[in-house]
Amino acid sequence: MGIIILGIETSCDETSAAVLEDGVTLRSNIIASQVAIHQKFGGVVPEVASRKHLENVHPVLMEALDQAGVTLQDIDGIAVTYGPGLVGALLVGVAAAKAMAYALDIPLIGVNHLEGHIAANFLARPDLEFPLLCLVVSGGHSDLVYMPHRGTYQLLGRTRDDAAGEAFDKVARAMGLGYPGGPLIDRLAQSGNPQAVKLPRAFLEEGSLDFSFSGLKSAVLNYLNRAAMLKEEVNMADLAASFQQATVEVLVEKTILAAGQTGVKTIMLAGGVAANGGLRHLLQTRAAEIGCQVVFPPLRLCTDNAAMIACAGYYKYLRGDFAPLTLNAVPALPL
Ligand code: KG4
Ligand code: ZN
């Protein structure tokens, strides 16, 4: 058996545990989703999430070991998300990881959730050559990250208000589509006309790599309110396609600008919104024009999971970058 890392992820509403061998062989990746519970509230309720993690964490860990065919004694290190995220949710994973690392007397590895999202790309592509650029787009973040070497992260741009996934979720809610909104808008957009509704694109100052999505979100809400007032029927597929196109165009153009500035040859996508069909397609087209390749994780590894945490943890394990047993949850942990 190679180097076995157990990954644990509880930063938001998925309780997940994964067993990864040598950074590439995923022996198990168990994800207990709470989506059905939070759906009726239209978003994640932090207190409910913590309680569910507490119920799920033990069975999920046991299932991950069982499915991987490994025993506790086979584990070489335990990687856990310690931020950013919901503090009560993070604490469940961190406490479980610390208890196991202490009892087994093996290294504890603290992983930044965003570093995990980025590492989802290395599961299938451990060979990617640095420097790399990654667009991290999730429910909480829209970051452009430059990596000169493995383990070094430079934040080139970030959102000034809503994250991309947050905009998808809020717009979907206003359209009455449900939660989480990203996949629902993505699907609906496939049958709509992206030019049908005129919506703003916030490119901000010349050369800026920051994002802003609140203006676009408000424009969609105004469009819906106006239609309701005038009792006009809204073509939801057209609206979904137009909103998605406006979001994706800004994300892609800023990423292409950053690729030009840094001279990278490979652009990675990460985070839940990296699952978006429109984003993948446009980024690939534009990157090809400037001679860059685009890589992204398989769909199920884009949204929250412990496999990506185990993968980020594997490289930290190789570097001997371990956490003390006093590791705490850090809700606003920067990359
Ligand atoms: O990375 P993630 O699972 O959790 C966070 O760390 O936030 O991302 C969840 C976000 C949600 O906002 C969800 O609506 C969005 O990712 N998302 C998508 C798609 N699939 C998930 N957004 C657009 N298109 C999708 N296909
Ligand atoms: Zn995430």
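The values are calculated or read from the model by the stated rules, or taken from the named source; none is laboratory data. These figures come from a predicted structure and were not determined experimentally. Quick reminder, even Gly has a Cβ in these numbers, built from the backbone with ideal geometry, and neighbours come from all protein chains shown.
For residue 279, indicate whether it is in contact with a strand residue (DSSP E or B) (Cβ under 8 Å, 6 or more places away or on another chain) and in the same structural domain as residue 138 (by TED's automatic domain parsing). Taking the combined requirement at face value, the residue satisfies it. The condition of being closer than 30 Å to residue 260 by Cα and among the charged types (D, E, K, R) does not hold for residue 233. Could you please find all residues in region 198-226 being charged (D, E, K, R) and farther than 16 Å from residue 159 by Cα? Hits for region 198-226 are 198, 226. Looking at 252, 220, can you tell me which residue is closer than 30 Å to residue 14 by Cβ, crowded, with 21+ Cβ neighbours inside 10 Å, β-branched (Val, Ile, Thr) and away from ligand 1 (no atom under 14 Å from the Cβ)? On inspection, the qualifying residue turns out to be 220.
In the set 280, 300, 286, only one residue is modelled with pLDDT under 95 and either surrounded by fewer than 24 Cβ atoms within 10 Å (Cβ to Cβ) or not hydroxyl-bearing (Ser, Thr, Tyr) (or both); that residue is 300. Every condition in (1) touching a residue at least 40 places away in the same chain (Cβ under 8 Å); (2) in contact with a Lys or Arg (Cβ under 7 Å, 6 or more places away or on another chain); (3) among the β-branched types (Val, Ile, Thr) holds for residue 8 except the one numbered (2).
One residue is enough: does region 120-134 have a residue meeting the conditions among the small types (Gly, Ala, Ser), modelled with pLDDT under 95 and within 16 Å of ligand 2 (Cβ to nearest atom)? No, every residue in region 120-134 fails to be among the small types (Gly, Ala, Ser), modelled with pLDDT under 95 and within 16 Å of ligand 2 (Cβ to nearest atom). Yes or no: residue 72 loosely packed, with under 15 Cβ neighbours inside 10 Å, in contact (Cβ under 8 Å) with a residue 12 or more places away in the chain and in the same structural domain as residue 310 (by TED's automatic domain parsing)? When the stated conditions are applied, residue 72 passes them. Based on what the data block shows, is residue 146 of a type in the set (Ser, Thr, Tyr), more than 18 Å from the chain's Cα centre (by Cα) and more than 15 Å from ligand 2 (Cβ to nearest atom)? For residue 146, the condition - of a type in the set (Ser, Thr, Tyr), more than 18 Å from the chain's Cα centre (by Cα) and more than 15 Å from ligand 2 (Cβ to nearest atom) - is not met. You will find that of 114, 204, 188, 156, the residue that is more than 15 Å from residue 220 (Cα to Cα), under 19 Å from the mean Cα position of the chain (by Cα), in the same structural domain as residue 265 (by TED's automatic domain parsing) and not basic (Lys, Arg) is 156 and no other.
The criterion of at least 1 residues that are within 30 Å of residue 17 (Cα to Cα) and touching a residue at least 12 places away in the same chain (Cβ under 8 Å) is met, among helices (runs of 4 or more DSSP H) falling completely within region 222-335, by 277-289, 307-319. For beta carbons closer than 6 Å, sequence separation of 6+ or different chains, a first residue in region 116-134 that is touching a residue at least 24 places away in the same chain (Cβ under 8 Å) and buried (at least 16 other Cβ atoms within 10 Å of the Cβ) and a second that is small (Gly, Ala, Ser) and assigned to a helix (DSSP H, G or I), the qualifying pairs are 116/312; 119/312; 133/258; 133/259.
Screening residue 111 against (1) surrounded by fewer than 19 Cβ atoms within 10 Å (Cβ to Cβ); (2) within 14 Å of residue 329 (Cβ to Cβ) leaves a single unmet condition, (1). Within the set 158, 201, 173, 187, the sole residue that is of a type in the set (Lys, Arg), over 30 Å from residue 74 (Cα atoms) and within 16 Å of ligand 2 (Cβ to nearest atom) turns out to be 158. The C-beta contact set for region 38-51 (first residue in the same structural domain as residue 16 (by TED's automatic domain parsing), second residue of a type in the set (Lys, Arg), distance under 7 angstrom, 6+ apart or interchain) comprises 42/173.
One line per residue, one yes/no per condition, for (1) over 19 Å from the mean Cα position of the chain (by Cα); (2) among the charged types (D, E, K, R); (3) surrounded by fewer than 23 Cβ atoms within 10 Å (Cβ to Cβ); (4) under 22 Å from residue 331 (Cβ atoms):
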position	(1), (2), (3), (4)
2	yes, no, yes, no
9	no, yes, no, yes
12	no, no, no, yes
16	no, no, no, yes
28	yes, no, yes, no
41	yes, no, yes, yes
49	no, no, no, yes
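Only a single item in (1) loosely packed, with under 15 Cβ neighbours inside 10 Å; (2) within 16 Å of ligand 2 (Cβ to nearest atom) is not met by residue 229, and it is number (2).
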